[in-house]
Structure formats: C-alpha cells, structure tokens
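Beneath this line is the structure, given in structure tokens, with notes to follow.
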Amino acid sequence: SGGMQKGISNDAVFSGYNRCCILDRLRLDGKVAYVTGGGQGIGRAFSHALGEAGAKIAVIDIALEKAKTVALELELKGIKSVAMAADVSKEEDVQRIVDNIVANWGRIDIACNNAGINMNSASEDTTLEEWDRTFNVNLRGLFMCCQAAGRVMLSQGYGKIINTASMASLIVPHPQKQLAYNTSKAGVVKLTQTLGTEWIDRGVRVNCISPGIVDTPLIHTDALKPLVQCWMNDIPAGRLAQVTDLQAAVVFLASEASDYMTGHNLVIEGGQSLW
Ligand code: NAD
C-alpha cells in the first residue's frame, strides 16, 4: 500500500532537493479535506488553517447557515470550498456527506472529525437523554465519520483522520460537572488509538487533538460561564487558548510531515493537564 512507502528517505532530506523543504512537506496543495462542526469555533479555525495550507475544504455543520458563512470566508481567501449540512449523529447524513465529497472532488485525504457538544449537568442529575445525546454526537457520530471516511481512505491507500478530543479525556476539569462529556472524550482517544494502529499499515493515520479550554462560543453558554474564571486559575499559561493556538497542529497532523504519527493525542492546553 502506497501510504507506507511514502516516507522521505534520510538521503533525500540531506541532499538538498527542494521538495524536501520542511515547509513544503507541511503543504496540503491538491488535498481534499472536510471539517465537521466547521461552522464555528475550533472547526472554523481548522477549516481556515487547512485551506490556507492548500486543501479544498468541505465545511460541514448541523447549522447550514454557519457552514455557508465559513465557506464564503474561505472563498474570499481564494480557497476552494463547499458548505454541507449534516448532523454527525445521523448515519444517513454522514454517508451522504462522504458520498458527496467523493462525487465532487474524487477523494478524501483529510477527515477532521471535530463536531462535539457539552451538556454540563451535575452527575447525579445527568439524564439518560443528555448522556445519549452527548455520546451520539461526540463518540458514536465520530465513529461513523471515521468509518465512512476511513473506508474511502483505505481504498486510496492514504489518508489522515484528525479527531477533536479534549483535555477532559485526560484530567477531570475542575470544578467537574461534565461526566458524559469527559467520558465521551476519553472514548475518542481510545477510538483514535485503536483505529490508528489498525489502519496505519494500509496508509491511514488516525490522530487526535486535545485542546484545553478554548475561547469559543461553546464555553460562553450560561452553564459554563461561571466555570471559566475557576479554570483560568488552573492554566499555567495564564490565559485561555485561542482557536489560533490550535491551527498549526491540525495542518501538521494533516500533512505528510506527520506520516509516522498514528494513534497520538496531541494535547494543547497551556500546561493545564500537568498541574
Ligand atoms: P462550538 O460549539 O463553538 O462549535 C461547534 C460546532 O459544531 C457548531 O458550529 C455546531 O453547530 C456544530 N455541531 C454541533 N452538533 C453537531 C452535529 N451533531 N453535527 C454537526 N455539527 C454539529 O464548539 P468548539 O468549542 O468549536 O468545539 C469543537 C470541538 O472541540 C468539540 O468537539 C469540543 O468538544 C472540542 N473542544 C472544545 C473545547 C473548548 O474549550 N471550546 C475544549 C476542548 C475540546
């Protein structure tokens, strides 16, 4: 399978060929990418980053208007893009977007499974509806996306899947009030490790990014607002993450420069998980 043969030899790197410039190896020109939850927050920043690096972007969101706005932003930067509506917790939606991207652009090189929700209720009050909704989007939906995009990538012999997990997969953010969320994100890491090792010998790499607390609309809900100040005291970096703090990581994991990485959880949290 082509994917595993693609590593650049030591000799090629040190002999001065232009194509081995490290910045060239981070380029994504001609690649086809999608980003779920791309209409806002981290997914919007991922869409811009991958597009600026050269990829065509399918911006996917449950809210079509948001996806369309981001696709327009990308077009204004000269990035080829399309907006698609999908609820990643629905099997038919997931298959439809994957089929549409392949029909339009012929392949999928980069699958950014980023859509996620956080319901944030005390564990003793968490309803099964909240638990199920959280898992249906954050873990079951992410699995369906990985499987549908992964099948395309396996048939190509090459692909990069980047899942958005969370620092909450590693630590219990204090003060804890997000049992279903934390547990679903721990599942994302284990799913990433399992797929990442199962598929790499057929050229498909699966990694995840675990952001700390990021300044996006997700954390400005009434439920989460009071917690933000507490969290600030737990961050060695002394500030929340901005979405721009995550952009280089997604380009790196989408690029051939990271071909020897799989099943990895790239934690970007200003040191918070270490305190
Ligand atoms: P956000 O709420 O700002 O944006 C999420 C986007 O996903 C929205 O545009 C929303 O419409 C879309 N979406 C929600 N449910 C969907 C569904 N079922 N199908 C398709 N799209 C859907 O959130 P964000 O902060 O940008 O978070 C993105 C990812 O990063 C999530 O997985 C989240 O858990 C994770 N994360 C966020 C933080 C943070 O502090 N913001 C920290 C760690 C991890």
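Tabulated data
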{"quantity": "Residues of the range 134-176 satisfying the condition of being over 18 Å from ALA254 (Cα atoms), in a helix (DSSP H, G or I) and near the ligand (Cβ under 10 Å from one of its atoms)", "calculated": "THR134, ASN136, VAL137, ASN138, GLY141, MET167, ALA168, SER169"}
{"quantity": "Selection status of ASN100, more than 25 Å from THR216 (Cβ to Cβ), within 16 Å of the ligand (Cβ to nearest atom), in contact with a strand residue (DSSP E or B) (Cβ under 7 Å, 6 or more places away or on another chain) and touching a residue at least 12 places away in the same chain (Cβ under 8 Å)", "calculated": "yes"}
{"quantity": "Exclusive hit being within 15 Å of the ligand (Cβ to nearest atom) and farther than 14 Å from VAL250 by Cβ, set ILE42, ILE62", "calculated": "ILE62"}
{"quantity": "Search result, residues across the range 28-82 that are free of Cβ contacts under 8 Å to residues at least 40 places away in the same chain and of a type in the set (A, V, I, L, M, F, W, C)", "calculated": "ILE57, VAL59, ALA63, LEU64, ALA67, VAL70, ALA71, LEU72, LEU74, LEU76, ILE79, VAL82"}
{"quantity": "Residues (part of a helix (DSSP H, G or I) and β-branched (Val, Ile, Thr)) located in the range 244-274", "calculated": "THR244, VAL250, VAL251"}
{"quantity": "The range 131-158: number of residues that are over 17 Å from GLN95 (Cβ atoms) and either of a type outside the set (D, E, K, R) or in contact with a helix residue (DSSP H, G or I) (Cβ under 6 Å, 6 or more places away or on another chain) (or both)", "calculated": "8"}
{"quantity": "GLU52, sole failed condition from (1) under 18 Å from the mean Cα position of the chain (by Cα); (2) among the acidic types (Asp, Glu); (3) within 11 Å of the ligand (Cβ to nearest atom)", "calculated": "(3)"}
{"quantity": "Qualifying residues in the range 81-95 (those that are among the charged types (D, E, K, R) and within 16 Å of VAL35 (Cβ to Cβ)) - the one nearest to the ligand (Cβ to nearest atom)", "calculated": "ASP87"}
{"quantity": "Every residue from the range 187-217 that is without any contact (Cβ under 8 Å) to a residue 40 or more places away in the chain and either near the ligand (Cβ under 9 Å from one of its atoms) or under 15 Å from MET119 (Cα atoms) (or both)", "calculated": "ASP215"}
{"quantity": "Number of positions in the range 63-80 that are crowded, with 17+ Cβ neighbours inside 10 Å and farther than 17 Å from GLY41 by Cβ", "calculated": "1"}
{"quantity": "Residues of the range 169-187 satisfying the condition of being of a type in the set (A, V, I, L, M) and either farther than 23 Å from GLN272 by Cα or buried (at least 24 other Cβ atoms within 10 Å of the Cβ) (or both)", "calculated": "ALA180"}
{"quantity": "Test: residue in the range 218-231 that is in a loop (DSSP other than H, G, I, E, B), away from the ligand (no atom under 12 Å from the Cβ) and touching a helix residue (DSSP H, G or I) at 6+ places or on another chain (Cβ under 9 Å)", "calculated": "no"}
{"quantity": "Which listed residue, of LEU28, LEU50, is assigned to a helix (DSSP H, G or I) and farther than 30 Å from GLU129 by Cβ", "calculated": "LEU50"}
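Bear in mind these aren't lab numbers, they're just calculated from the coordinates by the rules spelled out. This structure is a prediction, so every number in the text was calculated from the model and none was measured. Cβ sites come from the backbone with ideal geometry, for glycine too, and all protein chains shown count toward neighbours.
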